[in-house]
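The values are calculated or read from the model by the stated rules, or taken from the named source; none is laboratory data. The structure displayed is predicted, hence computed values, not measured ones. Note that we place each Cβ from the backbone using ideal geometry, even for glycine, and neighbour counts take in every protein chain shown.
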Amino acid sequence: MADLIQSDEWEYLRSYTSARLALGRTGHSLPTRRLLDFSMDHAQARDAVYSDFDVSSIEANLKKLNLPVQFLQSKAVDRREYLLRPDYGRVLADVSRAKLEELQYPENELSIVIADGLSARAVNTHAIEVIKLLVPELHKLDWRLAPISVVEQGRVAIADEIGQNLTSQMVIIFIGERPGLSSPHSMGAYLTYRPRVGLTDESRNCISNIRPDGIGYSLAAEKLLYLLTEMKQHQLSGVGLKDDFGGYLT
């Protein structure tokens, strides 16, 4: 028997957001359709945490853009350890650290890092789309870029160690955000000036919810460029950097 759904005076809000609101009710409970939608969204969020990082596709797309790439690994050896030991995801494995130290890359303006985070699906889908808009603008500024680092089982802070070892003035990490019930594939971008081991979150700037249904690729690239140039000019990042960006959502 179909649910006899009672109307909700707030239902018009559903046209403005994908958040879970104005779900209606059947008696004292939610309609069956809404309960099934919740179960599906919850399953997709859980699946995103265990989604596969498509390193080969990312490599192929970076090569099409003529961007050098290197592959690194955090101290977390697999997904289970990554989830149980967040601290392991914040530091490089010994082999990867030695690889960077041997590289002795000359001083440069920016390191770009791509890490799976809590939703590899997010970076598989969105990272290249933002990078191919951002990098040409950086080249117009004659900025020197370090090789792009692709990191498995990585968390945000691992970018600081990478940027420090690559002697980069700034670092960006594109990373899969914690999946939500309405956004299992949302990507974040975290930026840091003078990255070094031991920095905490107040030293970083973040653009969250990068995806077509959130902050679109063009806007994300535009704001990243703005923040990077402000960081370089003012020689700082994080809470001390005033954000006067005037872009509009696309």
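Some notes on this structure:
- Matching residues, the stretch 4-56, being part of a loop (DSSP other than H, G, I, E, B), surrounded by 14 or more Cβ atoms within 10 Å (Cβ to Cβ) and at pLDDT 65 or above: R20, A22, L23, G24, L30, P31, S51, F53, D54
- Between E59, E81, the distinction of being farther than 21 Å from H126 by Cα and either within 17 Å of the chain's Cα centre (by Cα) or assigned to a helix (DSSP H, G or I) (or both) belongs to E81 only.
- Residue match in the stretch 111-123 (condition: touching a residue at least 24 places away in the same chain (Cβ under 8 Å) and more than 13 Å from the chain's Cα centre (by Cα)): yes
- Selection within the stretch 177-198 - at pLDDT 95 or above and either touching a Ser or Thr at 6+ places or on another chain (Cβ under 7 Å) or within 21 Å of Y50 (Cβ to Cβ) (or both): M187, G188, L191, T192, Y193, P195
- When V156 is tested against (1) within 12 Å of the chain's Cα centre (by Cα); (2) among the hydrophobic types (A, V, I, L, M, F, W, C); (3) not in a loop (DSSP other than H, G, I, E, B), just one condition goes unmet, and that condition is (3).
- For the stretch 222-240, the set of residues classified as outside any helix (DSSP H, G or I) and either surrounded by fewer than 19 Cβ atoms within 10 Å (Cβ to Cβ) or modelled with pLDDT under 90 (or both) consists of Q235, L236, listed by residue number.
- Hits in the stretch 95-129 (condition: assigned to a strand (DSSP E or B) and of a type in the set (A, V, I, L, M, F, W, C)): L110, I112, V113, I114, A115
- Residues that are of a type outside the set (S, T, N, Q), crowded, with 24+ Cβ neighbours inside 10 Å and either within 17 Å of the chain's Cα centre (by Cα) or in a strand (DSSP E or B) (or both) within the stretch 163-176 comprise G163, V171, I172, I173, F174, I175, G176, listed in sequence order.
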